[in-house]
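Only one structure is covered here, and it is reproduced in the block below.
The values are calculated or read from the model by the stated rules, or taken from the named source; none is laboratory data. Quantities reported herein were computed from a predicted structural model and do not represent experimental measurements. Using ideal geometry, Cβ is built from the backbone for each residue, glycine included, and neighbour counts are taken over all protein chains shown. Surface areas here come from the heavy atoms of the whole protein model, side chains and all, with no ligands, DNA or RNA. Shrake-Rupley method; radii C 1.70, N 1.55, O 1.52, S 1.80 Å.
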Amino acid sequence: MPHDHDPDHPHTLLPPEPALRVKALETILTRKGLVDPAALDEIIDTYQNRIGPQNGADVVARAWSDPSFRKALLEDATTVVADLGYYGRQGEHIVVVENTPERHNMVVCTLCSCYPWPLLGIPPGWYKSDAYRARAVREPRKVLAEFGVALSSDTAVRVWDSTAEVRYLVLPMRPAGTDGLDRAALAALVTRDSMIGTGLPQSPS
């Protein structure tokens, strides 16, 4: 895996200065009585832990377990996920794209950082970086390799560019050896990166 300090890699962490500026702004607004730190912590916790990758993982596990659900999801993901309660800001129009042995899908937002918040939570820093946004389109296989995803030469790579109108979720392939697992156990194998396309689901122990 690439080192975080290498500026040429797509998941290089942002320098500490932006975080320091945000913290300073939060402190000022708190002192002026304009921000309640507890409320702010609750919002962050909600997006990181309750609204977030586990929602997407639940959708993926359902699709792996239920062929009729999978079919409906691929045909009209917006309606299906909304019926599950996964809707709201940054999730108005969702399209699910399915990985197969013949095609691996990968999501980027080249203009900004559009991302399906209700399903995946807050986007990671590398997803918003200029390097990822440019290189994912220009050299997707190389970027995938840096994330540890090695694909067969027979597998085509399709890059989907999210916009303010459409946000994409990758439906990864179900790992081998999971036939006897229930939906909760399947969901535990689904990683955030596998739903972006920059990773693969975990294998069962």
Worksheet item: Mind checking whether some residue in region 130-138 is among the β-branched types (Val, Ile, Thr) and open to solvent by 30 Å² or more (accessible area, probe 1.4 Å)?
Response: yes
For Thr163, are the conditions met, namely being in contact with a Pro (Cβ under 9 Å, 6 or more places away or on another chain), farther than 14 Å from Trp64 by Cα and among the β-branched types (Val, Ile, Thr)? no
Kindly check whether there is at least one residue in region 59-78 that is within 23 Å of Val157 (Cα to Cα), of a type in the set (Val, Ile, Thr) and not in a helix (DSSP H, G or I).
no
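Ala184 - would you say it is open to solvent by 40 Å² or more (accessible area, probe 1.4 Å), under 16 Å from Trp64 (Cβ atoms), outside any loop (DSSP other than H, G, I, E, B) and modelled with pLDDT of 95 or more?
yes
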Checked Val170, Val166, Val149 against criteria (in contact with a His (Cβ under 9 Å, 6 or more places away or on another chain), modelled with pLDDT under 95 and not charged (D, E, K, R)); the one match is Val166
Within region 174-199, of all residues that are among the charged types (D, E, K, R) and under 11 Å from the mean Cα position of the chain (by Cα), the one farthest from Ala57 (Cα to Cα) is Asp193
Residues in region 158-181 that are without any contact (Cβ under 8 Å) to a residue 24 or more places away in the chain and of a type in the set (Asp, Glu) total 1
All conditions in (1) in contact (Cβ under 8 Å) with a residue 60 or more places away in the chain; (2) of a type in the set (A, V, I, L, M); (3) open to solvent by 50 Å² or more (accessible area, probe 1.4 Å) are true of Leu111 except (1)
Only unsatisfied item for Thr79, checking (1) surrounded by fewer than 15 Cβ atoms within 10 Å (Cβ to Cβ); (2) in contact with a Leu (Cβ under 9 Å, 6 or more places away or on another chain), is (2)
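Being modelled with pLDDT under 70 and open to solvent by less than 70 Å² (accessible area, probe 1.4 Å) is the requirement here; does His5 meet it?
Criteria not met by His5.
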**OP:** Determine if region 18-39 includes at least one residue that is β-branched (Val, Ile, Thr) and modelled with pLDDT under 65.
**Re:** no
Picking from Thr178, Thr198, Thr163, the residue that is in a loop (DSSP other than H, G, I, E, B), of a type in the set (Ser, Thr, Tyr) and buried (at least 19 other Cβ atoms within 10 Å of the Cβ) would be Thr198
